[in-house]
Amino acid sequence: KIEELPAAEFYLAPGSVDDDDMAGFGADPDADAANLDVTGFMTEWLLSKTNNVGNETTSVGAENNYWTSSRAAKVDEEATGRARFWRDVFELVHKTDRCDTTYSTKLQWTASLSTDDFSVLTAKYNETAGGEPDDGEKLLDQWCVVALIASLATHPDVVAAEIKPRLGPKNVNAAWLTQSGLENRFQWFDNGLDGTGQIVAVSDTGIDPNNCYFWDNEKGLQYDVLDESRRKIAEYIPFVNEDDYTFGHGTHVAGTIVGQRAT
């Protein structure tokens, strides 16, 4: 889903950026440049590669995608659903101007450039740039961005493309996956099995006892002492130390198992 795509990164092979490229972006050719704003350059470049039936680059992009290539056409006389989707995408982007607004107003490009190491282009998508879109505009944005990623991923200078999805908690999904495997079906909870009174042992990096999911206003925390009357941490045995590193794995795991906010 396009709303889950805040950014995409494209890694360029070492040597694909030279001193002239660095100078063109106003960077020092003798030093790596990070987080350069290259939105203007990339927007101009994108618009020059789309909305042009005779443009050689558009045919290269379509040919490099298997489902729109001449190879696929020879194998499948009748196009599959996936092939039809990609053909429609490339037809839209390469032969109309309908993606011009998406490419010129909703994408922000930054670059970290190096002449002797990997360079990285980052595209950030802003759905509401230019105003709140309707459902049709959102769908169009999705097709335009999908075509952009598919085309750039096959560029000869690009060695890898990575989607940077928007992160968020998924504990609710984990609950129904482990309980039933059916979306929003919580068989354990529905039958009163919610873990109340159970003790679970966790061996990990440690936990942050000051985290709101483990905090005990009444009893605090003592080490190497079992006390089942505590709100969450019945016993804490610090094999290494009495702490957990920032964003520690132990805090994450223990929180998934028994975490509940202090009230």
query = Is there a residue in region 95-113 that is of a type outside the set (A, V, I, L, M), modelled with pLDDT of 80 or more and more than 30 Å from D134 (Cα to Cα)?
reply = yes
remark   = Pairing a residue in region 125-147 that is over 15 Å from A7 (Cα atoms) with any residue that is assigned to a loop (DSSP other than H, G, I, E, B), where Cβ atoms lie under 8 Å and the two sit 6 or more apart in sequence or on different chains, gives G130/K106; P133/E127; K138/E127; L140/R98; L140/C99; W143/C99
Boolean, G15 is part of a loop (DSSP other than H, G, I, E, B), at pLDDT 80 or above and out of contact with any strand residue (DSSP E or B) (no Cβ under 7 Å at 6 or more places or on another chain) = yes
ask   = Which of the residues that make up region 186-203 are surrounded by 12 or more Cβ atoms within 10 Å (Cβ to Cβ) and either outside any loop (DSSP other than H, G, I, E, B) or under 27 Å from the mean Cα position of the chain (by Cα) (or both)?
value = Q187, W188, F189
key: Pick from region 110-139, criterion of a type outside the set (S, T, Y) and buried (at least 19 other Cβ atoms within 10 Å of the Cβ), ranking: farthest from E44 (Cα to Cα)   = L113
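Over 30 Å from L92 (Cβ atoms) and open to solvent by less than 100 Å² (accessible area, probe 1.4 Å): is that true of K170 in this structure?
The answer is no for K170.
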task = Among the residues of region 124-140, write down those that are under 22 Å from D37 (Cα atoms), outside any loop (DSSP other than H, G, I, E, B) and over 17 Å from the mean Cα position of the chain (by Cα).
result = none
query = Do we find that A8 is open to solvent by less than 60 Å² (accessible area, probe 1.4 Å), of a type in the set (A, V, I, L, M, F, W, C), at pLDDT 85 or above and within 11 Å of L121 (Cα to Cα) in this structure?
reply = yes
ask   = Do we have any residue at all in region 155-175 that's touching a Lys or Arg at 6+ places or on another chain (Cβ under 8 Å) and in a helix (DSSP H, G or I)?
value = no
note = Listed by first then second residue, the pairs whose first member lies in region 203-220 and is touching a residue at least 12 places away in the same chain (Cβ under 8 Å) and farther than 9 Å from R231 by Cα, whose partner is open to solvent by 60 Å² or more (accessible area, probe 1.4 Å) and of a type in the set (F, W, Y), with beta carbons under 7 Å and at least 6 positions apart or on separate chains, are T205/Y245
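The values are calculated or read from the model by the stated rules, or taken from the named source; none is laboratory data. Remember, predicted model here, so these are calculated numbers, not experimental data. A quick note on method: Cβ atoms are made from the backbone with ideal geometry, for glycine too, and the neighbour counts reach across all protein chains shown. Each accessible area value is taken on the protein alone, full model and side chains, heavy atoms only, with ligands, DNA and RNA left out. Shrake-Rupley method; radii C 1.70, N 1.55, O 1.52, S 1.80 Å.
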